Amino acid sequence: MTGRDVSMRFWSIWLVGVALLLGGGAADSEAQEARNESEETKALRAEMAAMRKELQAQIDLLKTQLAMSRGAQPVAPVVPVLAANVAPAVAPPTVAPAAAPVAVAESSSSAAVTPVPVKPAEAVVAAVRPPAAADGPSSFRFKGISLTPGGFLSLDTIYRSKAMASEVNTIFSQLPYAGSGMAHVSEWYGSGRQSRFSLLAEGKTGFGKLTGYFETDFVAAGATSNNNQSNSYVLRQRQLWGQAAFNSGWTFTAGQMWTLATEHRRGTEPRAESLPTVLDAAQHIGYTWGRLGSVRVTKKFGESVQGAFSLEQSQALFSATNAPSNFFLGAPGNALGAYNPGFNYTENPAPDVLAKVSYDPAKGGVWRGHYELGVMGRLFRDRYYPAGSATPQNDTKAGGSFFVSGRVPVGQRFEIGAKVLAGRGVGRYGAATLPDVTVHPDGTLAPLRGAQAFFRAEFKATKKLDLFTYDGLEYTQRLYYRDSNGTLVGYAPPSMVNTGCAVEAAPTGNTGFVPGTPANCVGATRMLTARSVGYVYRFYDGPAGRFQFSTVYSYLTRDGWAGVGGAPRATNHFVYTGVRYFLP
């Protein structure tokens with residue numbers, strides 16, 4: 001086909017296009033007046049619009065061919081990129097005077113220019129439309145590091161058969177006894193506050209690798225946060241740490257991270273924790289956890305064994321009945337010092353010290369389980385003022401624990417596991433945050449014995465469906481002493497009054513927001529238990545991310561130590577639902 005032939009074909013198609021465009025414009029203007037046109041007319045108008053779209057695509061291709069036939073060297077045709085489902089704008093081309101045929105210069109290989117065949121508009125659009133599956137990288141480069149964003153968007157709901165005025169973060173140790181007005185009403189809340197965003201930074205070095213990790217959500221409340229209208233809750237840090245990993249197998253990590261006492265799925269490194277598949281931000285009764293300011297050192301010994309040592313932020317939880325007034329172990333937070341004045345902070349003599357060894361056996365490259373053995377050391381200090389003495393003194397007591405866990409696969413789809421932690425002064429590390437210490441009559445501290453146990457069974461029913469069940473308990477020892485007056489002092493003494501724990505109390509104010517609290521109910525907790533079942537269904541899991549639904553049911557009990565009036569007991573039923581979209 002010569003340049004003249006191409007030119008003539010171009011102008012003939014252009015004239016047809018002008019006629020169609022004029023016809024289409026007239027039809028559009030007349031559409032305002034024809035309100036009851038027939039279905040046949042509507043179909044004809046749609047067909048004309050499709051023809052205009054195809055014609056425009058062919059015109060653009062013919063323009064490219066004409067430019068090629070007039071040039072000295074063949075050039076690659078420029079194909080218009082059409083956005084999917086968006087019709088291209090149609091504008092009449094500028095009319096130029098007809099030119100005489102121009103001979104096509106031969107290329108260095110003496111090959112003649114071959115015109116590009118005209119394709120239907122559908123073929124053009126299909127050729128330039130991006131693939132359905134996203135093929136972009138999961139990370140992007142910034143100077144010498146790779147950055148990987150992550151997280152999910154969520155809506156979680158929780159129903160409690162007995163109200164606790166808590167959203168997705170349950171204070172398990174405050175399950176209400178029957179004497180509380182809250183125990184006679186239920187509650188339901190919905191929230192997107194667990195939506196989570198993370199950023200992982202990684203960079204290779206001559207000695208190994210540097211890693212930084214940041215993770216945040218909205219499970220925090222500001223001074224003006226409420227549920228009235230906009231649910232304007234504030235951002236908080238979950239994890240924020242940096243790590244240097246050496247080729248020799250050593251790592252050094254510093255920042256806020258999950259405590260080393262939390263069970264891992266592999267090894268002992270951050271971001272490898274084995275968390276229960278629940279929707280409560282406080283995890284599950286019996287589960288050992290905390291996100292604390294820490295310094296951690298780990299070392300690999302071969303492919304299966306890793307040891308870890310950690311120094312972690314300390315905080316003591318205190319509870320006592322009939323306590324003396326001649327001591328203190330902390331103070332309310334100082335707002336100017338960036339602490340919350342509504343909470344108490346203990347004056348800690350040293351960080352908590354933890355060490356752990358993990359073992360991950362494998363056979364033929366197949367994982368055979370994960371086992372951990374760890375120890376913890378803690379120090380508790382107060383300042384007391386001895387009776388009849390003008391010399392105040394500091395008193396320091398030691399606490400600590402051991403913990404052991406194991407998780408094994410049963411076949412290819414089923415997994416079971418258990419963990420036990422026991423010692424003195426360990427309540428702070430449990431999901432229920434039971435007390436660590438109480439006090440002697442002379443004002444010195446006394447660490448409480450405690451234990452946490454957590455059992456799990458998880459079943460991968462199908463590629464999309466996971467089923468799970470958890471069972472957990474937390475226990476705190478009764479510990480008391482008799483003072484010089486014969487009064488029992490300490491945690492849960494038998495003389496504590498529980499007579500009002502089962503008698504509902506009337507409201508104590510006229511605002512409508514002061515439910516009754518029993519006046520004669522110490523109700524010191526002996527044990528908390530929880531049993532849960534649930535599922536996760538992944539509606540979609542692919543290049544566009546993951547979209548999943550989940551439901552969890554939990555039955556909880558709180559048993560108090562016996563006192564005057566008996567041993568109180570509280571129960572509660574929780575139902576959680578969650579919808580989450582995970583970033584790819």
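The values are calculated or read from the model by the stated rules, or taken from the named source; none is laboratory data. This is a predicted model, so every value here is computed, not measured. Cβ sites come from the backbone with ideal geometry, for glycine too, and all protein chains shown count toward neighbours. These area figures cover heavy atoms from the full protein model, side chains too; ligands, DNA and RNA do not enter into them. Shrake-Rupley method; radii C 1.70, N 1.55, O 1.52, S 1.80 Å.
For the reader, a short list of remarks on this structure follows.
- Relative contact order (%) - the range 374-422, alpha-carbon pairs under 8 angstrom, separation at least six: 32
- Cβ-Cβ FRET estimate between L373 and F246, R0 fixed at 25 Å, reported to 0.05: 0.55
- Label sites at R266 and A387, each approximated as a point 7 angstrom past Cα along Cα to Cβ, lie 6.1 nm apart.
- Solvent exposure of Y359, expressed as accessible area, is near 110 Å², computed with a probe of 1.4 Å over the protein chains only.
- Label point distance in nm, Q412-F513, each placed 7 Å from Cα along Cα→Cβ: 5.6
- Residues in the range 459-493 reached by a label modelled at N326 [backbone nitrogen below 20 Å; 7 Å Cα→Cβ]: 480-491
- Alpha-carbon centroid distance for the pair the range 448-474 / the range 483-533, whole angstrom: 30
- For the range 140-582, a Kirkwood hydrodynamic radius built from all Cα pairs, placed in the Stokes-Einstein relation at 37 °C and 0.692 mPa s, yields a translational diffusion coefficient of 138 µm²/s.
- Sequence of K460, K419 from largest to smallest accessible area, 1.4 Å probe: K460, K419
- Extension gain (nm, one decimal) between L583 and V533, 0.36 nm per residue minus Cα-Cα: 15.4 nm
- Spin-label zone in the range 429-448 - amide nitrogen under 15 Å from a point set 7 Å from the Cα of S484 along the C-beta vector: 441-444
- Estimated from the Cβ-Cβ distance and a Förster radius of 22 angstrom, the FRET efficiency linking Y540 and L235 is about 0.20.
- Accessible surface ranking that places the most exposed of C521, C501 first, with a 1.4 angstrom probe: C521, C501
- Modelled spin labels at T557 and F459, positioned 7 Å past Cα toward Cβ, are 2.4 nm from each other.
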